[in-house]
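Here is the structure we will look at, set down as structure tokens.
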Amino acid sequence: MYSFDTLPNQVAELSKQIIGLKDFISENLLKSENEKVFNIQQLAEYLKVSKATIHNYKKNKKFPFYKAGKTVYFKKCEVDLALSNKARGGVIK
């Protein structure tokens, strides 16, 4: 049964589970350099733009993205493909 007294232990257990999920996502999405994933900060650094710009891209669906809880991920190969399509006169989807 849950109670206020057990709250610290429950929070600690949830924290361990979240870390485990993040590790699982990293292990399964980072199988090769081609399948590398970025969070918002990493993508901003990769593209040399601000985090606000990345949030704008996400809002306008310029790049496909994935969510795990509140964390947003972008696959490098999909970002690169969208950018190469734009460079060839296409539209970033």
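The values are calculated or read from the model by the stated rules, or taken from the named source; none is laboratory data. The structure presented is a predicted model; accordingly, all values stated were derived computationally and were not measured. All Cβ positions, even for glycine, are placed from backbone atoms using ideal geometry, and neighbour counts span all protein chains on display. The accessibility values were calculated without ligands, DNA or RNA, using every heavy atom of the protein model including side chains. Shrake-Rupley method; radii C 1.70, N 1.55, O 1.52, S 1.80 Å.
Just the residues that are within 16 Å of residue 24 (Cα to Cα) and either hydrophobic (A, V, I, L, M, F, W, C) or part of a helix (DSSP H, G or I) (or both), please, taken from the stretch 53-73. Result: 68, 72. A single entry from 68, 52, 87, 82 fulfils the requirement of being hydrophobic (A, V, I, L, M, F, W, C) and modelled with pLDDT of 95 or more: 52. A search for C-beta distances below 6 Å between a residue of the stretch 58-81 that is under 17 Å from residue 35 (Cβ atoms) and touching a residue at least 40 places away in the same chain (Cβ under 8 Å) and any residue that is basic (Lys, Arg) and assigned to a loop (DSSP other than H, G, I, E, B), counting only pairs 6+ apart in sequence or on different chains, returns 76/36. How many residues, within the stretch 22-48, are at pLDDT 85 or above and either assigned to a helix (DSSP H, G or I) or open to solvent by 100 Å² or more (accessible area, probe 1.4 Å) (or both)? Total meeting the criteria: 9.
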